[in-house]
Amino acid sequence: MSDPTTDTPTRTGMKPWLKAVLFASLALNLAVLGLVIGAVLHGPPGGPDGPDRDRGTVGMAFPYTKAFPPEARDELRRDFGDRMRAERESRGAREPTFPEVLVLLRAEPFDREAFDAVLQRQYARVAETQAVGRAVLIDRIAAMSAADRAAYADRLEEALNRRRDHPHKDKDRDDR
């Protein structure tokens, strides 16, 4: 289709509101992924005394990663990022699910099964991310010598004892 006055083709494209929804969806997906990655590598939101400190894989990951020296944590982060990129490439791009959630939430009547299916896909992504973090941690520990593993176990035990004895005072104290 052309503009008769300039004879230049006019743009036909995505509606601005749809671009905004897709951008917001991408931003939310990246924010959730960032939170999961940060929690796996650094502990739950709010630090070691955050809401998931003693529950679930997020709270459990904190002492394992914190027991590594800072340079090893940096390497773990890089390994995790590399594996996550490889996972995304191998499974291909997935459609964002938040626009679908918004549609489902506004629908009348509410489709419980469809909403559950979308949440299951989102939780599956989180589980995949946790599995990658677990694999990176296991690979790192498996590559250690017996002496390095024993030293790591000592640092882990120290961090766990500190958390138990002083749950609000161990933030970033074992960055030695």
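Observations, loosely collected:
- Any hit, the stretch 71-92, residues being charged (D, E, K, R) and not in a helix (DSSP H, G or I): no
- Within the stretch 115-140, if we keep just the residues that are loosely packed, with under 15 Cβ neighbours inside 10 Å and aliphatic (A, V, I, L, M), the residue that is farthest from residue 98 (Cα to Cα) turns out to be 138.
- Number of the exception - residue 91 against (1) in contact with an Asp or Glu (Cβ under 9 Å, 6 or more places away or on another chain); (2) under 30 Å from residue 151 (Cα atoms): (2)
Values quoted throughout were computed directly from the atomic coordinates according to the rules given, and no laboratory measurement underlies them. The shown structure was predicted, so the numbers you read here are calculated from the model rather than taken from an experiment. For neighbour counting, all protein chains shown are included, and Cβ atoms are generated from backbone atoms with ideal geometry for every residue, glycine included.
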